[in-house]
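Structure, as structure tokens:
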Amino acid sequence: MNYVNDFIKDYILYYSKELMPSMEVIFSQDKIATEKEAKDCLQFIELMCDQCIIDVKENKTILDSPASSHHAEKATMVIEDFIEDSGFDYLIDNDLELE
Amino acid sequence: MELVTMEDVKHLIVELKKFVRISDPKGHSTLTLIDGKIESGDFNFSPDKTQVNKDLTTGLSFATNMRKLKSIIKSKSRFYRDIDIYAVDEFVSLPSGLRFIKDRPGHASLVVTENMSTKDLIIKLEVVAKLLESIGTVRVKQ
């Protein structure tokens with residue numbers, strides 16, 4: 001994956017190990033190979049963000065930093081960029097409904 | 001609190017070519033402190049976090065097109081219902097050692113171009129916050 005600082009890279013790998021170990025191989029690749037892998041990445045984003053909400057509520061420390069939604073947001077952006085760069089941008093749903 | 005629409009933001013980003021910053025509700029526009037310490041994910045810090053290293057590949061995120069804007073808002077809406085919107089001109093005069101880089105389609109980063117202390121970075125980010133125009137708040141339907 002590109003455009004990732006060391007902390008966010010470690011953050012993604014931390015939650016991969018915790019939540020979905022099969023993602024480690026996908027994240028170590030230069031590109032996502034199949035649509036199935038891209039869908040797995042999107043599923044991982046949902047799991048990571050849900051777990052982040054729990055970790056923030058429980059005041060957990062992740063990689064020596066207090067759990068924070070900022071880290072999950074940054075990680076989400078990096079993974080979505082990875083999906084886009086691999087040619088699976090059409091899978092990302094950006095529909096928004098505002099009040 | 002004044003709610004703004006996507007049309008308001010579209011005008012800024014598409015017609016005025018502004019860079020748009022999406023921020024936590026009632027949070028700081030450029031400076032994220034977690035337990036009193038600057039957030040680790042945006043810049044390249046020394047291990048003890050007293051210094052920030054020059055790094056053109058990581059920085060504060062700004063949207064430069066509608067697709068990326070929606071993507072960032074959607075990501076933030078997992079955690080917040082209300083999201084604050086700020087805008088800045090691409091060519092605004094920034095403090096020394098900081099620069100905008102258009103690093104991806106629809107995305108620009110405010111990056112650090114010279115090594116500096118974290119204390120100096122915080123002061124410079126406060127200056128950048130004053131350069132941002134507060135546009136208002138969007139409320140995402142949940």
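Here are the numbers for this structure:
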| quantity | calculated |
| --- | --- |
| Single residue of region A:1-56 satisfying the filter (in a loop (DSSP other than H, G, I, E, B) and within 11 Å of chain B (Cβ to nearest Cβ)) that is modelled with the highest pLDDT | A:N5 |
| Odd one out for B:K54, checked against (1) at pLDDT 95 or above; (2) within 10 Å of chain A (Cβ to nearest Cβ) | (2) |
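The values are calculated or read from the model by the stated rules, or taken from the named source; none is laboratory data. Predicted model only: the values in this text are computed from it and were never measured. Note: ideal-geometry Cβ built from the backbone for every residue, glycine included; neighbour counts use all protein chains shown.
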